[in-house]
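J.: Just dropping this structure here.
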Amino acid sequence: MSDTHAQSVAFVRETAIPAAPPPSRERGPIKWMRDNLFSTWLNALLTLAAIYLVYQLAVFALPWILNGLWTTSSLSECRDILQGETGACFAVLTERWNQLLFGFKYPSAFYWRPGLAFILLFIAAAPVLFFDLPRKMLLFTGLYPFLAYWLIWGGPLLAPLTALIGVVAGYLVYARFVKDNFAKGLAAGVVAAVVVWIAGGYLTELLAPNRPILPAVQSRDMGGFMLNLILGTVCVSLSLPIGICLALGRQSNMPIIRIICVVFIEFIRGVPLITLLFVANVVLAYFLPPGTNFDLIIRVIIMITAFASAYIAEVIRGGLAALPKGQYEAGDSLGLDYPQAMRLIILPQALKISIPGIVNVAVGLFKDTTLVSVISMFDLVGMIRGPVLASTEWNGVYWELFSFAALLFFVVCYGISQYSQWLERRLATDHR
Amino acid sequence: MAETAQMAESGPMEISDEVAIQIDKMNKWFGTFHVLRDIDLTVYRGERIVICGPSGSGKSTLIRCINALEEHQAGRIEVDGTLLSSDLKNIDKIRSEVGMVFQHFNLFPHLTILENCTLAPIWVRKTPKREAEETAMHFLEKVKIPDQANKYPGQLSGGQQQRVAIARSLCMRPRIMLFDEPTSALDPEMIKEVLDTMIELAQEGMTMLCVTHEMGFAQAVANRVIFMDQGQIVEQNEPKAFFNNPQNERTKLFLSQILGH
């Protein structure tokens, strides 16, 4: 660097250059469009094609939606008013609103009961879904299944109370004996719960009031979207713990437990859900002692839960397999026993890995609850295909009804999906 | 390593007559492969033993047998007077007395550093949370990373993670520490910080069994070096004699290979 031109290199700045905004084509919406929509001529072409497609869809759908009628009393009235113009007949939704939500046999005077149960569901689910909330709220979550059952089905208050006391008694007995031995504690707990339930069952029948506070509604009277929500909520919340047990059982060192879990999972996964539902509807009755009237909804819940838990078990097995062996060894070397190691170290990580898969199963399960319409239960789809479309007033209103059903399911499933994405971000601690 | 050697000499490193680990005629197979053959080893309280040998010689398997991470098929192992059998109660008792540090740290990535350290004391020892946290902070200070207590393992460097792993073991107040190649997965500049922590531990009289290729560490703190090959203990001696005057041909070959460059 001996031949540097000293006079041109030496330089002292006396005024600072003020910061200026970038040129207009490099900022704001113009830049965004150049980057994202028209970056190459092929992308520009695709953008124009997409705009044309969206335009065509809007031209087709918008008048149909905006011209929609909400207050007529039948399809023919809709047609009279529209006089051949395009327009939807949404009046079917307003007129059959309650039927679509609650089914056509649920007593209309009691619509507030499932409504209240639905609102309380959010309060009960909140502490489970958002674990930053105070832990004391879990107490209400524990009470909720019994409360919701009482609200929706009604009948003597003693029935859900007995179920609750049975669970509490079972837990207390389990907690007492589990210190000696897990199997002993579990067996004693189950026995205690069953004893309380049988005794409570007799008591409930003996003491059944003539006029219970909430009059009873039969299971066969349940219907509409309420039935989908009941089946979806119960089956998802049951199949997750059962799926975890099956996944752990499949990895167990004890051959009998492992074989039971493998056979269960492989059998259930190999059979279509619809077959299981037919089994629940018809065949199961042959295997039960004569005279027992096993509630149809419970039979369906058992089948859907079995189905979903087999799938969830396989998803969680994938999560367990993804954990390095060192995590198990670190837990072992610190002296944690098997339940502690699973609960504190293995499952939190394995479940986190499995979240997308579990949500996949949960969303699928929720949509599959519409399959009960083929075993003549009147869920939302069953209501649409049956009582609503079969009625003389609304025969032929397909688009409006099925769009509505699609919208309801979409709202719930999209909500579940958004929650799971939030959960994954919230649990990300690996900083990769 | 000169300064660490000097540090080591200054500390009190007494070896008592009390037996910490007694291994008699222990054999282990992986399937039909005979990994450990007739291992006899007595470790006295306060001893610092370095185990070295070529890869596949069974040195890791040997120390993993001591806390039953691997099952042995013949012979007996007694740790702190407790016989290691298939009885789960004995295994859990031994594991809570014996700390272990792994090559790949094996910290729990979903828990903070502090939670990593308090987990076992709270659930295994039933220590109250407050007390467990105090103990954890004490040991985190000892390994010189108390300011990282609320971070997650993924945010720390390898050397820091390994020191946390040591602190996590110490929180259980173990009487024996096993190290399974604790520095093998570390960058060279991080090896020293981990070794310094281990040296400090040795000076306090901890009974240590350490599988390592750090011969400087062996010379500085070990009172006994064991050389293993093909599942057998081939030679053991005091470090000075072991390094300056190895007897067995295989030991000589091994030492010439690792000290030669």
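The values are calculated or read from the model by the stated rules, or taken from the named source; none is laboratory data. Everything quoted here is computed from the prediction, not taken from an experiment. Please note: Cβ atoms are built from the backbone with ideal geometry, for glycine as well, and neighbour counts cover all protein chains shown. For the accessible areas, the whole protein counts, side chains as well, though only heavy atoms, and no ligand, DNA or RNA atoms are used. Shrake-Rupley method; radii C 1.70, N 1.55, O 1.52, S 1.80 Å.
J.: Give region A:83-94 a look and list any residue that's in contact (Cβ under 8 Å) with a residue 24 or more places away in the chain and buried (at least 17 other Cβ atoms within 10 Å of the Cβ), or say none.
T.: A:87, A:88, A:89, A:90, A:92, A:93
J.: Check whether at least one residue in region A:160-180 is in contact (Cβ under 8 Å) with a residue 40 or more places away in the chain and among the hydrophobic types (A, V, I, L, M, F, W, C), and report yes or no.
T.: no
J.: Right, something else. Can you name the residue in region B:133-158 that is closer than 19 Å to residue B:193 by Cβ and polar (S, T, N, Q) and, of all such residues, is nearest to the other protein chains (Cβ to nearest Cβ)?
T.: Checking each candidate, the answer is B:155.
J.: Another one. Where in region A:38-115 are there helices (runs of 4 or more DSSP H), lying wholly inside it, with at least 1 residues that are in contact with a Cys (Cβ under 8 Å, 6 or more places away or on another chain) and among the aliphatic types (A, V, I, L, M)? So that I can check it myself, show each step before the final result.
T.: Values: elements: A:41-66, A:75-82, A:91-95, A:97-102.
In region A:38-115, the matching helices (runs of 4 or more DSSP H) lie at A:75-82, A:91-95.
J.: With the condition kept exactly as written, say whether any residue in region A:196-218 is at pLDDT 85 or above, of a type in the set (Val, Ile, Thr) and assigned to a helix (DSSP H, G or I).
T.: Within region A:196-218, one or more residues are at pLDDT 85 or above, of a type in the set (Val, Ile, Thr) and assigned to a helix (DSSP H, G or I).
J.: When you look at residue B:184, is it among the hydroxyl-bearing types (Ser, Thr, Tyr), within 18 Å of residue A:326 (Cα to Cα) and not in a loop (DSSP other than H, G, I, E, B), yes or no?
T.: So residue B:184 does not fit the description; no.
J.: Sticking with this structure for a sec: Please work out which residue is surrounded by the most Cβ atoms within 10 Å (Cβ to Cβ), limiting yourself to region A:134-168 and to residues that are touching a strand residue (DSSP E or B) at 6+ places or on another chain (Cβ under 8 Å) and not aliphatic (A, V, I, L, M).
T.: Taking the candidates together, the pick is A:150.
J.: Taking the criterion of being touching a Leu at 6+ places or on another chain (Cβ under 8 Å), away from chain B (no Cβ under 14 Å), among the hydrophobic types (A, V, I, L, M, F, W, C) and surrounded by fewer than 17 Cβ atoms within 10 Å (Cβ to Cβ), would at least one residue in region A:382-389 satisfy it?
T.: Scanning region A:382-389, I find at least one residue that is touching a Leu at 6+ places or on another chain (Cβ under 8 Å), away from chain B (no Cβ under 14 Å), among the hydrophobic types (A, V, I, L, M, F, W, C) and surrounded by fewer than 17 Cβ atoms within 10 Å (Cβ to Cβ), so the answer is yes.
This table checks each residue for (1) without any contact (Cβ under 8 Å) to a residue 24 or more places away in the chain; (2) buried (at least 19 other Cβ atoms within 10 Å of the Cβ); (3) away from chain B (no Cβ under 14 Å).
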| position | (1), (2), (3) |
| --- | --- |
| A:326 | yes, no, no |
| A:333 | yes, yes, no |
| A:354 | no, yes, no |
| A:377 | no, yes, yes |
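J.: Please count how many residues of region A:404-432 are more than 14 Å from chain B (Cβ to nearest Cβ), surrounded by 14 or more Cβ atoms within 10 Å (Cβ to Cβ) and polar (S, T, N, Q).
T.: Residues meeting the conditions: 2.
J.: Which count do you get for residues in region B:85-100 that are more than 9 Å from every other protein chain (Cβ to nearest Cβ) and either closer than 18 Å to residue B:60 by Cα or not in a loop (DSSP other than H, G, I, E, B) (or both)?
T.: So the count comes out to 2.
J.: Okay, moving on. For region A:208-246, which positions are among the charged types (D, E, K, R) and either open to solvent by less than 50 Å² (accessible area, probe 1.4 Å) or touching a residue at least 12 places away in the same chain (Cβ under 8 Å) (or both)?
T.: A:220, A:221
J.: Specify which of the listed residues (A:420, A:403, A:391, A:373) is of a type outside the set (A, V, I, L, M) and touching a residue at least 60 places away in the same chain (Cβ under 8 Å).
T.: Within the list A:420, A:403, A:391, A:373, the selection yields A:420.
J.: Before we move on, is residue B:163 assigned to a helix (DSSP H, G or I) and either basic (Lys, Arg) or open to solvent by 60 Å² or more (accessible area, probe 1.4 Å) (or both)?
T.: yes
J.: Check every one of the helices (runs of 4 or more DSSP H) wholly within region A:322-424 and list those with 2 or more residues that are under 23 Å from the mean Cα position of the chain (by Cα).
T.: Where helices (runs of 4 or more DSSP H) fall fully within region A:322-424 and carry at least 2 residues being under 23 Å from the mean Cα position of the chain (by Cα), they are A:347-368, A:380-383.
J.: Now for a different question. May I ask you to list pairs of residues, at least six apart or on different chains, whose Cβ atoms are under 9 Å apart, with the first in region A:276-288 being over 19 Å from residue A:368 (Cα atoms) and the second being basic (Lys, Arg)?
T.: A:284/A:299; A:285/A:299
J.: So is residue B:112 out of contact with any Phe, Trp or Tyr (no Cβ under 8 Å at 6 or more places or on another chain) and either within 13 Å of chain A (Cβ to nearest Cβ) or open to solvent by 10 Å² or more (accessible area, probe 1.4 Å) (or both) or not? Lay out the reasoning, then the answer.
T.: Details: out of contact with any Phe, Trp or Tyr (no Cβ under 8 Å at 6 or more places or on another chain): no; either within 13 Å of chain A (Cβ to nearest Cβ) or open to solvent by 10 Å² or more (accessible area, probe 1.4 Å) (or both): yes.
For residue B:112, the condition - out of contact with any Phe, Trp or Tyr (no Cβ under 8 Å at 6 or more places or on another chain) and either within 13 Å of chain A (Cβ to nearest Cβ) or open to solvent by 10 Å² or more (accessible area, probe 1.4 Å) (or both) - is not met.
J.: So, in region A:270-287, of the ones that are assigned to a helix (DSSP H, G or I) and closer than 23 Å to residue A:314 by Cα, which residue ends up farthest from the chain's Cα centre (by Cα)?
T.: A:275
J.: Might you check whether a residue that is part of a loop (DSSP other than H, G, I, E, B) and either under 29 Å from the mean Cα position of the chain (by Cα) or among the β-branched types (Val, Ile, Thr) (or both) occurs anywhere in region A:174-190?
T.: Yes, that holds for at least one residue.
J.: Just to be sure, is residue B:212 open to solvent by less than 10 Å² (accessible area, probe 1.4 Å), out of contact with any helix residue (DSSP H, G or I) (no Cβ under 9 Å at 6 or more places or on another chain) and of a type outside the set (A, V, I, L, M)?
T.: Spelling it out, it is not the case that residue B:212 is open to solvent by less than 10 Å² (accessible area, probe 1.4 Å), out of contact with any helix residue (DSSP H, G or I) (no Cβ under 9 Å at 6 or more places or on another chain) and of a type outside the set (A, V, I, L, M).
J.: Taking region B:65-82 as the region of interest, how many residues are open to solvent by 30 Å² or more (accessible area, probe 1.4 Å) and away from every other protein chain (no Cβ under 14 Å)?
T.: So the answer is 7.
J.: Within region A:364-373, is there a residue that is open to solvent by 60 Å² or more (accessible area, probe 1.4 Å) and more than 10 Å from chain B (Cβ to nearest Cβ)?
T.: Yes, region A:364-373 contains at least one residue that is open to solvent by 60 Å² or more (accessible area, probe 1.4 Å) and more than 10 Å from chain B (Cβ to nearest Cβ).
J.: Please work out which residue is most open to solvent (accessible area, probe 1.4 Å), limiting yourself to region B:117-132 and to residues that are without any contact (Cβ under 8 Å) to a residue 12 or more places away in the chain, more than 10 Å from chain A (Cβ to nearest Cβ) and of a type outside the set (S, T, N, Q).
T.: If we take residues in region B:117-132 being without any contact (Cβ under 8 Å) to a residue 12 or more places away in the chain, more than 10 Å from chain A (Cβ to nearest Cβ) and of a type outside the set (S, T, N, Q), then B:130 is most open to solvent (accessible area, probe 1.4 Å).
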